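A.B. asks: Below: one structure in structure tokens.
The values are calculated or read from the model by the stated rules, or taken from the named source; none is laboratory data. Note that this is a predicted model, so its numbers are computed, not measured. In this analysis, Cβ positions are derived from the backbone assuming ideal geometry, glycine residues included, and neighbour counts consider all displayed protein chains. Note: areas computed on protein heavy atoms with side chains; ligands, DNA, RNA excluded. Shrake-Rupley method; radii C 1.70, N 1.55, O 1.52, S 1.80 Å.
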Amino acid sequence: MQHKKAPYKFSTNWFWAICILSQFCVQANAQSSIKKIQDSPQQKSDTSRSILDINNSKLIKKANSILDSVEKKANEFILKKVNKLRGISDDITKKVTPLEIEKPLPYERLLKTKYTLGRRAYQNTVSQFNYLFNAEEELNENILKARNEYIEDYTTLISFYDYDLSTTSKSSIDSIIYRCNANIVLHDLRSNWVDDSYLLLAKAYLFHKDFDTAGSILQFINYSFDDKENGMDLPIGSNVRNTKGKFSIATAENNRFFENLNVRNESMIWQARNYIEKEELNEGISLLQLLEADAIFPKRLYPFLNEQLAYGYYQMEIYDKAAAALEKGIKNAPDNAGKTRWYYLIGQLWQKADKWDKAYPWFKKANQNAVNPIISVYAKISMISYDAKNANNAWEELAYSLEKMIKRDKYKPYADIIYFEMAKLAIQNNAYTKANDWLIKSIKKNRSNLKQKQKAFELLGDINYSNNHYSIAKLAYDSLSIVLKTNPNYEIIQARKKWLGTISANEKIVEAQDTLQYIYQLNPSNQEDYFSLWQKRTKIENEPLNDIFLDKITSNNYSIETPTRNNLSSNDYNSSNFYFDNKSVISQGKQNFTQKWGQRPNVDGWRRKTSLLNAPNSLINQDATSTGFQKIASKDSLQKMSLSKDEKGDEKLDKKGNGYEMITDGSSYLKSKQDWNKAALTNAQTFLLELNDFERAYPLYVKVIANNIDTAMTERALLDLASHYLHENLNERSDSIIRLVEDRFPKGFYVTKKKESGIKKKRDADLLNDYKEAYFLSQIGNWENLAALSNQLNIDLRRTKWYTPFKFIQVKMYAQQRMDTAAIVLLDSIVLQNTNEKIRDRAKNILEELKNRKQIETYLSNLNLSKEIIDTSALVNTAAISKPNKKDTAAAPIIASLPFTNDSSEQYYIAFATQKVSAAFVKEMQTAFTYLNNEEFIKQKLNVTYVQFNENSYIVWVGPFVNNLDAKTYINKVKPRLSTEIISFVPSKQYEIYLLSKSNILLIKDEADLKQYQQYMFKNIYKP
């Protein structure tokens, strides 16, 4: 079908276009005519009138009206087209863009459907086994992992749970949260497992130590799953919840078999647990007590309720109530291992409450039913302790009863633990010899329990140190391979490990020299026999020390590995299964190797090499090893300790046996005494200065002083005692010892040093006075007298802190006398000889001014200025810059009392407010305090500054001090020396001392504020 062409019609749009074009033409013609009129000089005055006449013409008015109507229609036409196009684009966009349909979530959809029996069965099955079951299994795995990693310490009160929340919190709970949320959102909210999902979610957050989130979810369960009446909540504690005259906060359970139990009651117990973990013990216990007294609280939850009650009382250290509650909650134990562990804990709790008759049955149950044999061992130890206590037997019988346990195969793998407990029992009864033997047996029997072995070594070292058996103490402390900083005795152990070697070596020297001196005083005919007997006895005594911790009787009849998850050594330091990644296994392997083979070098063929070294012809090594002096009987060490040993050859060493010669004459006897004296004093100083153990140092000092073998060492011993007493604020004892030293040793170290110090102080005082005299002369301009003193002062002040200042004084003297060449030479020497950049910069500035002085004076003289103007042009009154107008000050209102504070922990400053003291002396005050702080208070890092406070006053600031006490201490130390030493050049009447905190400094603006603070300071802070 062909389209016919429409007949041509003259559009109205063309008409309006022609009209607009004609308007433009008329306006252009009018503007050109106006321009011609304006350009002609004759018609300039009528230009405005001609323009008005043209605009008022009828043609122009008509054209304007037509154009206005045309413009309006054109705008309407364009707007219609634009709106039409916009509508088309919107339609296209709607067709292209997919529609967003808000679909309801599954749980919202399912609520609108009928909850039939089939739907109920499907929703419950899928919710329980597809989501909730897997989430519960994952949470249980996290807890079980934490239980396996937990390490018990049965020597003290064990923890309530056999896991730590710090361990469970490290496990991820994202999967548990996802499963619980999906179970709630994707299934019908009328299913029986929605509340269980919320509770499991709360438990996951609790074990992750997110207690706030767990508490919010548990609170939601409490309100959302409570009984409703007509869709409304039942207020807790109201008459609506009254059941037979009893109020209840619990939810009654109907116990219908086809419905899951309501978890609201259980959630309230978990809420109490959450309170306890947050250390809000009162809230947790109160909630549990309310549930315990509730009439309709379900009986099935009473074991869990009593468990949490026991946990709360355990945290509050109310042990009898905790034990009673845990007895009722024992059924809630997770497994048999946890149950026997709680048996033992109940016994410990009753034992803590001093009720042994109630503790004994639970220890017996723990012993009989223990899955972990270690619990059985400690329970049996507690039972034997009670039996011995009940029968009033001696502690030895109790110890021997414990020793009988070791003979039974059941307890043989734990002989180390039993011997350790026997040693503790002996220590309680001051039987240190038996304790020492049993601890050594405990160490020998221990082959895998590194933590227990470390405890035995620490206790063995402590009791031997306390009983002056330093050789064994040294071996015990050296065997401590791992000492954690959490150990309360960490610092003591480290110090003893470091210094017991020195103490042990010196102690052997003291004992040996005592014996040698005793033999020397015997009848000469018996000396050889006694000396030989002493050598043999020394060998016998020292021989066991080499293998004191080695169990020579090895047995492979039993295994020492604990067959439970709570193996004490399996996870001590590293849980890796790979040998070289497990620090605990490596450490155990090294110790077992050393026990079996001794110290072997890490070289190829070590067996062959060691056998050659231990051949019979190697007598030297045999003797050194057998006597126990292999570490201290070497040539170098004996030279350091000045032992009486012949160094001619190995044959003589072999004949001597222990490395000492018998004293045969007076010179060797004197040498022996000197060796004894030196070793005794060294040990005394080590005890006092390194180990801070005055109790053991004092007897040695007394012996050294009483023997008085060497006057220098005797004096040193007395001075050490005086220093200790002075440190302990026992000034009378310290002063008496000092007087004794001065009387007995008039030419000794102390008196000599005291005299040297006095001479030095006097010399420094004389030099200071000489410098002050020179400074005074420079201030008053007495250059003649200053020049006379300069040569001698150059010699005296050299190598003192006053030498450089004196050079500046000389520079000033030469400059004032216009001896610029001499001044320049001095300044050049100051720049070359000083490393302090401030001094060098100061000298360079003065040097520059002196070199340019002639040029400046020539310039000023050419200006023809009067001398008065030249002299006063450099004087600037800085106080006038900040000084307010007197009229304004008088008209100012009275200011209220300022809010001064007295915070002793705030930073403090000391202020020296001067009156009518020149800036030069103020700067000298600053310099003096700077020198003082650098010499005596350098650790406090104090700064010294000064500021012009008003027209006649400067303030010198010293600080900052950490607190009020430090500032007062500084003032008390410095104040007596101000007028005599530090700022003696300023009269005491011309300055006042203030003690100000940083906040108070900010409040002081003028002299009135300062006076107001002075009154406050006198009353509350400090009164000079």
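A.B. asks: Subtract the Cα-Cα distance of K451 and Y122 from 0.36 nm times their separation in residues, and report this length gain in nm to one decimal.
C.D. replies: 113.0 nm
A.B. asks: Let's test the formula: R0 of 35 Å, r as the Cβ-Cβ distance of N489 and E511. What FRET efficiency results, to the nearest 0.05? Walk me through the numbers on the way to the answer.
C.D. replies: Values: r = 28 Å, r/R0 = 0.79.
Once the sixth-power term is evaluated, E becomes 0.80.
A.B. asks: Multiply the residue gap between S466 and N769 by 0.36 nm, knock off their C-alpha separation, and tell me the result in nm, one decimal place.
C.D. replies: 103.3 nm
A.B. asks: Quick check: pseudo-label points 7 Å beyond the Cα along Cα→Cβ at L522 and K838, how many nm apart are they?
C.D. replies: 7.3
A.B. asks: Take the cross-link list K536/K673; K844/K923; K278/K380 and give me the ones stretching past 26 Å between alpha-carbons.
C.D. replies: Values: K536/K673 23 Å; K844/K923 20 Å; K278/K380 36 Å.
Result: K278/K380 exceed 26 Å.
A.B. asks: Extending each Cα 7 Å along its Cβ direction at I540 and N731, get the distance between those two points in nm, one decimal.
C.D. replies: Result for the modelled spin labels: 5.8 nm.
A.B. asks: What FRET efficiency do you get for V185 and A252 if R0 is 41 Å and r is their Cβ-Cβ distance, rounded to the nearest 0.05?
C.D. replies: In this case the efficiency is close to 0.90.
A.B. asks: How would H724, H469 line up by accessible area, probe 1.4 Å, largest first?
C.D. replies: H469, H724
A.B. asks: Moving to a separate point now. So which trypsin sites (Lys or Arg not before Pro) in segment 111-152 are both in a DSSP loop and have at most 15 other Cβ atoms within 10 Å of their Cβ?
C.D. replies: Loop-located and lightly packed - K112, K114.
A.B. asks: Convex hull over the alpha-carbon atoms of segment 664-724: what's its volume per residue in Å³?
C.D. replies: That works out to 70 Å³ per residue.
A.B. asks: Related question: I'd like the accessible area for M819: 1.4 Å probe, protein heavy atoms, all chains in place, Å² to the nearest 10.
C.D. replies: Near enough 80 Å² of accessible area.
A.B. asks: So, one more: Please calculate the 1.4 Å probe accessible area of K412, with all protein chains present, and give it to the nearest 10 Å².
C.D. replies: The accessible area of K412 comes to roughly 70 Å².
A.B. asks: Please compute the length gained on full extension between T930 and N369, using 0.36 nm multiplied by the number of residues separating them and subtracting their Cα-Cα distance.
C.D. replies: 194.3 nm is the gain from fully extending T930 to N369.
A.B. asks: Moving to a separate point now. So, in nm, how far is label S166 from label E317 when the simple model puts each one 7 Å beyond its Cα toward the Cβ?
C.D. replies: 2.0
A.B. asks: Sticking with this structure for a sec: Which loop chymotrypsin sites (Phe, Trp or Tyr not before Pro) in segment 913-988, with loop taken from DSSP, have no more than 16 other Cβ atoms within 10 angstrom of their Cβ?
C.D. replies: F985
A.B. asks: Determine the alpha carbon to alpha carbon distance for each of K441/K678; K444/K474; K434/K508 and list only those over 27 Å.
C.D. replies: Numbers: K441/K678 36 Å; K444/K474 17 Å; K434/K508 23 Å.
Cα-Cα > 27 Å for K441/K678; rest within.
A.B. asks: Based on the mean of other beta carbon atoms within 10 Å per residue, what is the order of 308-319, 663-674, most packed first?
C.D. replies: For the peptides 308-319, 663-674, the packing ranking is 308-319, 663-674.
A.B. asks: Suppose R0 equals 25 Å. What FRET efficiency, 1/(1 + (r/R0)^6) with r the Cβ-Cβ distance, do K355 and I151 give to the nearest 0.05?
C.D. replies: 0.30
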